[in-house]
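The values are calculated or read from the model by the stated rules, or taken from the named source; none is laboratory data. Fair warning: this is a prediction, and the values are worked out from it, not measured in the lab. Note that each Cβ is placed from the backbone with ideal geometry, even for glycine, and that neighbours are counted across all protein chains shown. The protein model used for the area step is the full one, side chains on, heavy atoms only, and it has no ligands, DNA or RNA in it. Shrake-Rupley method; radii C 1.70, N 1.55, O 1.52, S 1.80 Å.
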Amino acid sequence: MEVPEGLLECERCGLSRSRTRVVVGSGPAEPTLLVIGEAPGRTEDEGGLPFIGRSGRLLFTLIEEVMGLSRDRCYVTNVVKCRPPNNRTPTRAEVGACRPWLRWQFEHVRPRAVLTLGLVAGQSVLGFSAPMGAMHGRLVTVAGRPGLGTYHPAAALRNGPSLVEVMRVDLATLREAMGA
Ligand code: URA
(Lines give C-alpha, C1' and ligand atoms only; values in the text may rest on other atoms or scores of the structure.)
Protein backbone atom coordinates (compact mmCIF):
# COMPACT_ATOMS: atom_id res chain seq x y z
CA MET A 1 0.00 0.00 0.00
CA GLU A 2 1.42 3.41 -0.98
CA VAL A 3 2.21 6.18 1.50
CA PRO A 4 0.56 9.59 1.09
CA GLU A 5 2.98 12.21 -0.15
CA GLY A 6 4.42 14.27 2.68
CA LEU A 7 3.37 12.01 5.55
CA LEU A 8 6.86 10.73 6.35
CA GLU A 9 8.09 14.33 6.70
CA CYS A 10 4.93 15.62 8.42
CA GLU A 11 5.32 18.46 10.93
CA ARG A 12 1.66 19.37 11.28
CA CYS A 13 1.88 19.02 15.09
CA GLY A 14 4.41 18.88 17.90
CA LEU A 15 4.52 15.07 17.98
CA SER A 16 6.88 15.33 15.02
CA ARG A 17 9.58 16.57 17.41
CA SER A 18 9.47 13.59 19.77
CA ARG A 19 8.70 10.72 17.39
CA THR A 20 11.28 8.20 16.22
CA ARG A 21 9.25 7.11 13.17
CA VAL A 22 5.95 8.00 11.56
CA VAL A 23 3.73 4.92 11.81
CA VAL A 24 1.71 5.09 8.62
CA GLY A 25 -0.14 1.78 8.61
CA SER A 26 0.26 -1.69 7.19
CA GLY A 27 -1.73 -4.10 5.09
CA PRO A 28 -3.28 -4.54 1.67
CA ALA A 29 -5.20 -1.82 -0.22
CA GLU A 30 -8.24 -4.10 -0.42
CA PRO A 31 -8.39 -5.63 3.04
CA THR A 32 -11.35 -7.40 4.56
CA LEU A 33 -11.09 -5.18 7.63
CA LEU A 34 -9.77 -1.67 8.26
CA VAL A 35 -8.57 -1.56 11.89
CA ILE A 36 -8.02 1.87 13.47
CA GLY A 37 -6.32 2.39 16.84
CA GLU A 38 -5.38 5.51 18.77
CA ALA A 39 -1.67 6.23 18.32
CA PRO A 40 1.61 4.31 18.18
CA GLY A 41 3.16 3.13 21.45
CA ARG A 42 6.86 2.75 22.17
CA THR A 43 7.28 -0.52 20.24
CA GLU A 44 5.49 0.91 17.19
CA ASP A 45 7.45 4.19 17.34
CA GLU A 46 10.67 2.17 17.22
CA GLY A 47 9.49 -0.44 14.72
CA GLY A 48 7.55 1.84 12.38
CA LEU A 49 4.53 -0.48 12.17
CA PRO A 50 1.18 -0.36 14.03
CA PHE A 51 0.15 -2.82 16.74
CA ILE A 52 3.36 -4.86 16.88
CA GLY A 53 3.53 -4.94 20.70
CA ARG A 54 1.47 -6.69 23.38
CA SER A 55 -1.80 -4.95 22.45
CA GLY A 56 -1.40 -6.06 18.86
CA ARG A 57 -0.78 -9.66 19.84
CA LEU A 58 -4.02 -9.76 21.84
CA LEU A 59 -5.93 -7.90 19.13
CA PHE A 60 -4.96 -10.17 16.27
CA THR A 61 -5.43 -13.30 18.33
CA LEU A 62 -9.04 -12.17 18.95
CA ILE A 63 -9.67 -11.13 15.34
CA GLU A 64 -8.38 -14.49 14.13
CA GLU A 65 -10.38 -16.49 16.68
CA VAL A 66 -13.68 -14.62 16.39
CA MET A 67 -13.67 -13.33 12.82
CA GLY A 68 -11.46 -15.95 11.18
CA LEU A 69 -9.22 -13.24 9.74
CA SER A 70 -5.45 -13.25 9.77
CA ARG A 71 -3.54 -10.00 10.14
CA ASP A 72 -2.68 -9.97 6.45
CA ARG A 73 -6.39 -9.56 5.63
CA CYS A 74 -6.45 -6.32 7.67
CA TYR A 75 -5.20 -2.83 6.93
CA VAL A 76 -4.06 -1.50 10.31
CA THR A 77 -3.51 2.13 11.24
CA ASN A 78 -4.06 4.74 13.95
CA VAL A 79 -5.93 8.02 14.22
CA VAL A 80 -2.63 9.71 15.11
CA LYS A 81 0.47 8.54 13.24
CA CYS A 82 3.15 9.61 15.74
CA ARG A 83 3.67 8.50 19.33
CA PRO A 84 2.54 10.92 22.03
CA PRO A 85 5.19 11.24 24.78
CA ASN A 86 4.69 8.67 27.56
CA ASN A 87 1.76 7.24 25.60
CA ARG A 88 -0.56 10.03 26.73
CA THR A 89 -3.90 10.39 24.99
CA PRO A 90 -3.52 12.51 21.84
CA THR A 91 -5.04 15.98 22.13
CA ARG A 92 -7.96 17.13 19.97
CA ALA A 93 -5.51 19.39 18.13
CA GLU A 94 -3.21 16.45 17.35
CA VAL A 95 -6.14 14.33 16.18
CA GLY A 96 -7.28 17.23 13.97
CA ALA A 97 -3.80 17.83 12.57
CA CYS A 98 -3.52 14.15 11.61
CA ARG A 99 -7.03 13.91 10.11
CA PRO A 100 -5.98 14.56 6.48
CA TRP A 101 -3.77 11.46 6.57
CA LEU A 102 -6.60 9.28 7.85
CA ARG A 103 -8.93 10.80 5.25
CA TRP A 104 -6.40 9.89 2.55
CA GLN A 105 -6.37 6.32 3.86
CA PHE A 106 -10.18 6.19 3.75
CA GLU A 107 -10.01 7.27 0.10
CA HIS A 108 -7.36 4.71 -0.87
CA VAL A 109 -8.09 1.65 1.26
CA ARG A 110 -11.18 -0.32 0.28
CA PRO A 111 -12.17 -2.57 3.19
CA ARG A 112 -15.41 -4.52 3.62
CA ALA A 113 -15.78 -3.24 7.20
CA VAL A 114 -14.21 -0.85 9.70
CA LEU A 115 -13.22 -1.58 13.31
CA THR A 116 -12.17 1.12 15.77
CA LEU A 117 -10.39 0.51 19.07
CA GLY A 118 -10.94 2.71 22.10
CA LEU A 119 -12.63 6.04 22.66
CA VAL A 120 -10.37 8.32 20.61
CA ALA A 121 -10.79 6.24 17.44
CA GLY A 122 -14.51 5.72 18.13
CA GLN A 123 -15.04 9.46 18.50
CA SER A 124 -12.89 10.40 15.56
CA VAL A 125 -14.07 7.80 13.03
CA LEU A 126 -17.54 6.70 14.15
CA GLY A 127 -18.70 9.87 15.90
CA PHE A 128 -18.97 8.31 19.37
CA SER A 129 -20.43 10.92 21.69
CA ALA A 130 -20.75 8.91 24.91
CA PRO A 131 -18.38 6.75 26.99
CA MET A 132 -17.17 3.44 25.62
CA GLY A 133 -19.57 1.56 27.86
CA ALA A 134 -22.51 3.01 25.93
CA MET A 135 -21.04 2.99 22.43
CA HIS A 136 -19.07 -0.22 21.96
CA GLY A 137 -20.60 -3.03 19.94
CA ARG A 138 -23.05 -0.82 18.03
CA LEU A 139 -23.17 -1.24 14.29
CA VAL A 140 -22.94 1.95 12.28
CA THR A 141 -22.28 2.79 8.65
CA VAL A 142 -18.95 4.44 7.89
CA ALA A 143 -18.00 5.39 4.34
CA GLY A 144 -20.83 3.10 3.16
CA ARG A 145 -19.58 0.06 5.06
CA PRO A 146 -20.41 -1.65 8.34
CA GLY A 147 -18.42 -0.10 11.17
CA LEU A 148 -18.15 -0.95 14.84
CA GLY A 149 -16.14 0.26 17.81
CA THR A 150 -14.83 -1.88 20.62
CA TYR A 151 -12.50 -1.41 23.56
CA HIS A 152 -8.81 -0.84 23.04
CA PRO A 153 -6.80 -4.05 23.58
CA ALA A 154 -4.50 -2.13 25.97
CA ALA A 155 -7.55 -1.58 28.20
CA ALA A 156 -8.32 -5.30 28.03
CA LEU A 157 -4.72 -6.09 29.01
CA ARG A 158 -5.12 -3.80 32.03
CA ASN A 159 -8.63 -4.87 33.03
CA GLY A 160 -8.47 -8.58 32.42
CA PRO A 161 -10.62 -11.34 31.01
CA SER A 162 -14.03 -9.68 31.36
CA LEU A 163 -13.13 -6.95 28.88
CA VAL A 164 -11.62 -9.52 26.53
CA GLU A 165 -15.00 -11.29 26.55
CA VAL A 166 -16.77 -8.01 25.72
CA MET A 167 -14.39 -7.54 22.79
CA ARG A 168 -15.19 -11.05 21.57
CA VAL A 169 -18.91 -10.31 21.57
CA ASP A 170 -18.33 -7.00 19.72
CA LEU A 171 -16.16 -8.67 17.08
CA ALA A 172 -18.80 -11.36 16.57
CA THR A 173 -21.39 -8.62 15.95
CA LEU A 174 -19.21 -7.15 13.21
CA ARG A 175 -18.54 -10.58 11.70
CA GLU A 176 -22.30 -11.23 11.47
CA ALA A 177 -22.88 -7.83 9.87
CA MET A 178 -20.33 -8.79 7.22
CA GLY A 179 -22.32 -11.92 6.47
CA ALA A 180 -19.52 -14.21 7.60
N1 URA B 1 -1.96 1.26 20.55
C2 URA B 1 -2.53 1.85 19.49
O3 URA B 1 -3.58 2.48 19.59
N4 URA B 1 -1.92 1.72 18.32
C5 URA B 1 -0.81 1.03 18.13
O6 URA B 1 -0.33 0.97 17.01
C7 URA B 1 -0.23 0.41 19.26
C8 URA B 1 -0.82 0.54 20.46
query: Amide H to amide H under 5 Å from Gly149: which residues, 5+ apart in sequence or cross-chain, H placed 1.01 Å off N in plane?
result: Thr116, Gly137, Arg138
field: ³J(HN,Hα), Karplus 6.51/-1.76/1.60, whole Hz, each residue of the range 160-173, x for Gly, Pro
entry: x, x, 5, 6, 4, 5, 4, 4, 4, 5, 4, 5, 5, 4
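How large is the dipole of the chain about the Cα centre if only Lys and Arg carry +1 and Asp and Glu carry -1, each at its Cβ, rounded to the nearest 20 debye? Spell out each step's value before the answer.
Working: 22 positive and 17 negative charges, 67 e Å.
The calculated dipole for the chain is roughly 320 debye.
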- prompt: Counting each DSSP H run of 4 or more residues in the chain as -39500 (n - 2.57), what helix-only mean residue ellipticity at 222 nm follows after dividing by all residues, to the nearest 500 deg cm²/dmol?
  reply: -11500 deg cm²/dmol
Top of Arg158, Arg54, Arg21 by mean-square fluctuation, Gaussian network on the chain, Cα under 10 Å: Arg158
statement: By the C-alpha gyration tensor axes a ≥ b ≥ c (rounded if a/c is under 1.5, else prolate when a/b exceeds b/c, else oblate), the shape of the range 1-138 is rounded
field: Cα gyration tensor shape of the range 25-74, rounded if a/c is under 1.5, else prolate or oblate by comparing a/b with b/c
entry: oblate
query: What is the range 94-178 by shape, rounded, prolate or oblate, if you read a ≥ b ≥ c off the alpha carbon gyration tensor as root eigenvalues and call it rounded for a/c under 1.5, prolate for a/b larger than b/c, and oblate otherwise?
result: oblate
task: Starting from the amide H of Gly41, placed 1.01 Å from N in the peptide plane, find each other amide H under 5 Å away whose residue is 5 or more places distant or on another chain.
output: Phe51
- prompt: Once the dipole of the chain is set up with Lys and Arg at +1 and Asp and Glu at -1 on Cβ about the Cα centre, which of Gly6, Val114, Asn87 lies farthest towards its positive end?
  reply: Asn87
message: I'd like the distance separating the alpha-carbon centroids of the range 24-90 and the range 120-151, in whole Å.
response: 17
Solvent exposure of the range 7-177 as accessible area per residue, Å², 1.4 Å probe: 46
Integer Hz, Karplus 6.51/-1.76/1.60 couplings in order for the range 48-53, x for Gly and Pro: x, 10, x, 6, 10, x
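One quarter of the convex hull surface, Cα atoms only: what value does that give for the range 129-180 in nm²? Kindly include the intermediate steps, with their values, before the conclusion.
Numbers: hull surface 15.9 nm².
Computed as one quarter of the Cα hull surface, the answer is 4.0 nm².
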- prompt: Lys/Arg Cβ at +1, Asp/Glu Cβ at -1, dipole of the chain taken about the Cα centre: which of Ile36, Ser16, Met178 is farthest positive-ward?
  reply: Ser16
query: Per the 1.4 Å probe, what fraction of the accessible area of the chain, in percent, lies on carbon and sulfur atoms?
result: 48
Per-residue HN-Hα couplings for the range 118-135 [Karplus 6.51, -1.76, 1.60; θ = phi - 60°; Hz; x = Gly/Pro]: x, 6, 4, 5, x, 5, 6, 9, 10, x, 3, 10, 10, x, 3, x, 8, 10
